[in-house]
Each structure stands twice: as structure tokens, then as C-alpha cells.
1. Picking from SER121, SER134, which residue would you name as being within 18 Å of VAL48 (Cα to Cα), surrounded by fewer than 17 Cβ atoms within 10 Å (Cβ to Cβ) and of a type outside the set (D, E, K, R)?
2. Give me the pairs: first residue in region 37-62 and part of a strand (DSSP E or B), second residue of a type in the set (D, E, K, R), beta-carbon distance under 9 Å, and six or more apart or on different chains, which are they?
3. Go through region 31-48 residue by residue and tally those that are touching a strand residue (DSSP E or B) at 6+ places or on another chain (Cβ under 8 Å) and under 14 Å from ILE86 (Cα atoms).
4. Name the residues in region 70-124 that are acidic (Asp, Glu) and over 16 Å from VAL144 (Cβ atoms), would you?
5. Among the residues of region 64-77, how many are over 15 Å from SER113 (Cα atoms), of a type outside the set (Asp, Glu) and at pLDDT 95 or above?
6. Please state which one of ALA46, ALA37, ALA30 is modelled with pLDDT of 95 or more and open to solvent by less than 50 Å² (accessible area, probe 1.4 Å).
7. Just give me the residues in region 64-115 being of a type in the set (Gly, Ala, Ser), within 16 Å of SER134 (Cα to Cα) and open to solvent by 50 Å² or more (accessible area, probe 1.4 Å), in sequence order.
Amino acid sequence: MTSIAEPTRRHVLIAGVALWAVAVRPATAAPADDLQAAVRAFTNGAPVRDGKVHLDIAPLVENGNAVPLSVSVDSPMTAADHVKAIAVFNERNPQRDVAVFHLGPRSGRAAVSTRIRLATSQKLIAVARLSDGSHWSSTVDVVVTLAGCIEGS
């Protein structure tokens, strides 16, 4: 019969470090291809053109924990011509989708605002889906000096 050895202090220490490394790992950014995949999923593979969308965010952000962001789209917001949805995507946060806003002709204006967290300096893309099925976008590069998404996920 084989006997099982008592755990040594070294074994307990190694197990503790391994458990800590799994539980407290830093948030990691997914590859940049994930950004384009998220945009393609929102547009169902439809082409996206630059223009009509205005993404307003500071180019230099001191603290990534609560970054103000506004998106507006050039649209008359009539029953025949309006914005159906606005989506915001990021390049380096753990999740690519930041927000999706659903609009209609009764919204009055095609404009939304919120606050987001940014893990690090990165690219943001706002995409608008119009009632005619077209998709328009705007891209902004943001420099973050203090990361906002550094806890484990």
C-alpha cells in the first residue's frame, strides 16, 4: 500500500500562490480582431461607412473610471429617415461592447450620453444603424493616464 505524504510548507505555499494567481489575475485585453468582430456582429456583416456620426470624448483622460462620452448622428429623425440604434465599442477593455442605444423617430434627436470605464489608452468606435439599413461610424483614439478596469474579471 502506498502512503500519501503530508503536505509540506512548500506545497501549501505553491498551492496558495497558484490559487491567488487564478483568482486575482488582472483584466486582459482581447486581440484587436475582436473589435472588428463585435462591430460585424452589430451590423450583421453590412458595410460601415465613415461619417454622419460624431463621437465626443476627451482625447486625453486623466482617470479611466468614469469617462464622459456623447454620440450624435446627423439625421432628421422622421418616420422615413431616422436612427434605429447607436452602438459604442472599445479596443482594449475586457468586453468590446460598451453600450447599445435603441432609438426611433419619436426620440426627437439622435444623441446619447453616458459615462464609461476605460482600461487603458485605446480606440473607441461609435456605429449608427439607420432606418434605410445603412451603417455609419466615427472612430476616436483616447489616451488614458490612470486605468479604470484593473480589477480581476
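The values are calculated or read from the model by the stated rules, or taken from the named source; none is laboratory data. The structure presented is a predicted model; accordingly, all values stated were derived computationally and were not measured. As a convention, Cβ positions derive from the backbone with ideal geometry for all residues, glycine included, and neighbour counts pool all protein chains shown. The protein model used for the area step is the full one, side chains on, heavy atoms only, and it has no ligands, DNA or RNA in it. Shrake-Rupley method; radii C 1.70, N 1.55, O 1.52, S 1.80 Å.
1. Exactly one residue qualifies, and that residue is SER134.
2. VAL48/ARG40; VAL53/ASP74; HIS54/ASP74
3. The number of residues fulfilling the criteria is 5.
4. Across region 70-124, the qualifying residues are ASP74, ASP81, ASP97.
5. 3
6. ALA46
7. Matches in region 64-115: ALA79, ALA80.
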